[in-house]
Amino acid sequence: MTALDRTAEAPATAPYPAGGLRTAVCRDPRAFAALAPAWTRLHRACPAATPFQTHAWQHSWWQSYGVPGRLVLVLVWRGRDWWARRH
């Protein structure tokens, strides 16, 4: 497990690729729980976000229906901030 698997914060020493976007995969349920503050900031910044996209909803769903060992969250940063793009 890498440092990015354990935290929602982009490490200061991580290299930033040319496009400025970086990705990491979170597979640890404890790390998923720890994503709540950053997830909430991102959710609040998106005017089109729904209640089903909140950390509380997603984490509750995972705790109720998730299969141990099958968690996969792809995290994307632009610079040091989480990034999301509306389609």
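The values are calculated or read from the model by the stated rules, or taken from the named source; none is laboratory data. No experiment lies behind these values; they were computed from the predicted model shown. Neighbour counts are summed over all protein chains in view; Cβ atoms, including those assigned to glycine, are modelled from backbone coordinates with ideal geometry.
Looking at A49, A8, which is the one that is part of a loop (DSSP other than H, G, I, E, B), of a type in the set (A, V, I, L, M), surrounded by 13 or more Cβ atoms within 10 Å (Cβ to Cβ) and at pLDDT 80 or above?
So the residue among A49, A8 that is part of a loop (DSSP other than H, G, I, E, B), of a type in the set (A, V, I, L, M), surrounded by 13 or more Cβ atoms within 10 Å (Cβ to Cβ) and at pLDDT 80 or above is A49.
Which of the residues belonging to the range 55-70 are surrounded by 13 or more Cβ atoms within 10 Å (Cβ to Cβ) and either at pLDDT below 90 or closer than 15 Å to A36 by Cβ (or both)?
The first filter runs over the range 55-70 and keeps only residues surrounded by 13 or more Cβ atoms within 10 Å (Cβ to Cβ), leaving 55, 57-59, 62, 66.
Correct list: H55, W57, Q58, H59, W62.
Considering only residues that are loosely packed, with under 12 Cβ neighbours inside 10 Å and at pLDDT 90 or above, which ones fall in the range 11-44?
Matches in the range 11-44: R30, P37, R44.
Across the range 52-87, what is the number of residues that are part of a strand (DSSP E or B) and within 11 Å of the chain's Cα centre (by Cα)?
Number of matching residues: 7.
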